[in-house]
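Each value in this text was obtained by applying a stated rule to the coordinates, not by laboratory testing. Nothing here was measured: the structure is a model prediction, and the numbers come from that model. No Cβ is skipped: glycine too gets one built from the backbone with ideal geometry, and neighbour counts run over all protein chains shown.
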Amino acid sequence: MAVLGPEKFNTKVMPTWCPGCGNFGIWGAIKKALFDLGLERHQVLMTYDIGCFGNGANFFKTYGFHSLHGRALPPALGAKIFNRKLTVIALAGDGGAYGEGLQHFIHAARYNVDVTYLVANNQRFSLTTGQASPTTNKKTITKTTPWGETKTPLNPLALSLESGASLVARGFAGDAVQLTEIIKEAIGHKGFSHVDILQPCVSFNPEQSYEWYRSVIYKLEEHKYSPENKERALEKAWEFEASGRMPTGIFYKEEKESYEEELWRIKE
Ligand SMILES: Cc1ncc(C[n+]2csc(CCOP(=O)(O)OP(=O)(O)O)c2C)c(N)n1
Ligand code: SF4
């Protein structure tokens, strides 16, 4: 019998994403990470938001739960707290994660439940055809901001750092090799890990293209960066606003007891 590679996490359904969508790179990186970690399909639960990235519910062959908009985290946390053997990954777009589901994000980070949260950040509500999201840049013209976005974008990495996430990282959908390594570290980490993934939406966000990202990003691991210091991590989280350079990699990592570990220890 043939030994299956990362394709063992494929369903029979082919992705319906637009040709060139950044979600393809993320899809491949997640499957490779699960495979490299030696995980089997029955050992993994993936919970999904609503949206283009959330449609991954149809394309990953693991246990799955397709939740409501902004609600990928509640089923993930519930499952992990009561079945600590499961590897639990929650997936959402920036609209669901940082808009409708913002309170779940802050509290999941604060609780430090051992769940990996992968957010495909394309700076738009894309499935509904490109409205401004909480990470859309100021002055951007979209269907909901015809005269230009007036609000200041939210900084997701600074928010999860301040809220207590014990691993905080940024990846790029156009660099599947680095993204795979980041996802492996996030899944292997005990505690709440948040990976914000720069995801080009070729249909509704012409500004943040693959080329544009490649012109501003650099890798932390190539600059002798060490992720133990939260103050330093916060500086890195604000670096693009300060200097126009955008780091990718692991920003922060801290070993601390997870919520469910502590909970069950106290009970026992
Ligand atoms: C409570 C609720 N509000 C709004 C919608 C409509 N809706 C469905 S998908 C979507 C956009 C999702 O955007 P995002 O979370 O950024 O994911 P993307 O499509 O960009 O991957 C919206 C607003 C919904 N399904 N439920
Ligand atoms: S609309 Fe954007 S995010 Fe959605 S599938 Fe197309 S390119 Fe991807």
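Determine, for each peptide in 243-251, 258-266, the mean count of other beta carbons within 10 angstrom over its residues, then list the peptides with the highest first. Let's see the in-between values first.
On the way: 243-251: 18.3, 258-266: 14.6.
With the highest mean Cβ count within 10 Å placed first, the list reads 243-251, 258-266.
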Review point. Among all lysine pairs in segment 67-189 that are eight or more places apart or on different chains, how many have alpha carbons less than 26 angstrom apart?
Key: 5
**Study point:** P(r) of segment 19-267 over all Cα-Cα pairs, binned every 5 Å from zero, in whole percent
**Key:** 1, 7, 14, 19, 21, 18, 11, 5, 2, 1, 0, 0
Review point. Roughly how many whole Å is it from the C-alpha centroid of segment 129-198 to that of segment 85-100?
Key: 11 Å
Study note, to complete from the structure: For the residue 128, residue 212 Cβ pair and Förster radius 25 Å, calculated FRET efficiency rounded to 0.05 is 0.60
Review point. Tell me, what is the FRET efficiency for residue 137 and residue 221 to the nearest 0.05, using R0 = 22 angstrom and their Cβ-Cβ distance as r?
Key: 0.25
Check your understanding: Under 5 Å between amide H atoms, partner at least 5 residues away or on a different chain: which partners does residue 141 have, H built in plane at 1.01 Å?
Key -> 149
**Study point:** 14 Å Cα-Cα reach of residue 267 towards aspartates and glutamates, excluding residues that sit fewer than 8 places from it in its own chain
**Key:** none
Exercise for review: Let me know the shape class of segment 1-151, please: from the alpha-carbon gyration tensor, a ≥ b ≥ c as square roots of the eigenvalues, rounded when a/c is under 1.5, otherwise prolate if a/b is greater than b/c, or oblate.
Suggested key: oblate
